[in-house]
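Nothing in this text is a laboratory measurement; each read-out follows from the coordinates by a stated rule. This structure is a prediction, so every number in the text was calculated from the model and none was measured. Glycine gets a Cβ as well: all are built from the backbone with ideal geometry, and neighbour counts include every protein chain shown.
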Amino acid sequence: APPSVLRTLQEASSKDCAKKGSATTSGRKLKKVSIEDRVSLLEALRASGTRSAALAADYFEAGLILGPRPVEWVGSTFDVLPELLPLDAPAGATHVIDFPNAKHDVNEVRGNGPKRSLYVSLSPNEAALVARVVADANANASTWPAHYHPLRAALRYAGKKLWPRRKSVPC
């Protein structure tokens, strides 16, 4: 970069920038979940006895492991890696999951392509969990909003029941 650009960047101030995210929805969302909250929420969901809550627990836990947006489960594929890893796979990776990129648009303005691949090292229990979620999402792709709504509601209900005074609960 030319020296004038570097000087401008060095002199720039962040004084007028938002300090803790924006006032928009994504700026208010909780970005991480403590281990204690994760355990409490998963226990509450699984103890509820409803199918929606149990499935919500699976989606929540798989989401914490892999990090996709909920809609990205639809159309995803999940595979065990062969013994001879692909060149772009990190050492120790056991599985690959391909997600449709929810931020992708046809004009290539947002997102980084129509799909993204994630190489991961998963325990057998984690792999079984992810496989269940991928199978469920793909089986319910045609009715995704209606299918996901009760799962989201179960997660929110459990969080509000556990922490009624908190402004933000994991979702």
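Computed 3J(HN,Hα) for the range 84-89, one whole-Hz value per residue from the Karplus formula 6.51 cos²θ - 1.76 cosθ + 1.60 where θ = phi - 60°, is 8, 5, x, 4, 8, 7, glycine and proline marked x.
Per-residue Karplus couplings for the range 57-73, computed as 6.51 cos²θ - 1.76 cosθ + 1.60 with θ equal to phi - 60°, are listed in order as 4, 4, 4, 4, 5, 5, x, 5, 6, 10, x, x, 6, x, 5, 6, 5 Hz, Gly and Pro entered as x. Seen through its C-alpha gyration tensor, with square-root eigenvalues sorted a ≥ b ≥ c, the range 91-146 comes out oblate because a/c lies at 1.5 or above while a/b is not bigger than b/c. Loop-located GluC sites (Glu not before Pro) in the range 59-109 (DSSP state other than H, G, I, E, B) with a sparse environment of at most 16 neighbouring Cβ atoms within 10 Å: Glu83, Glu108.
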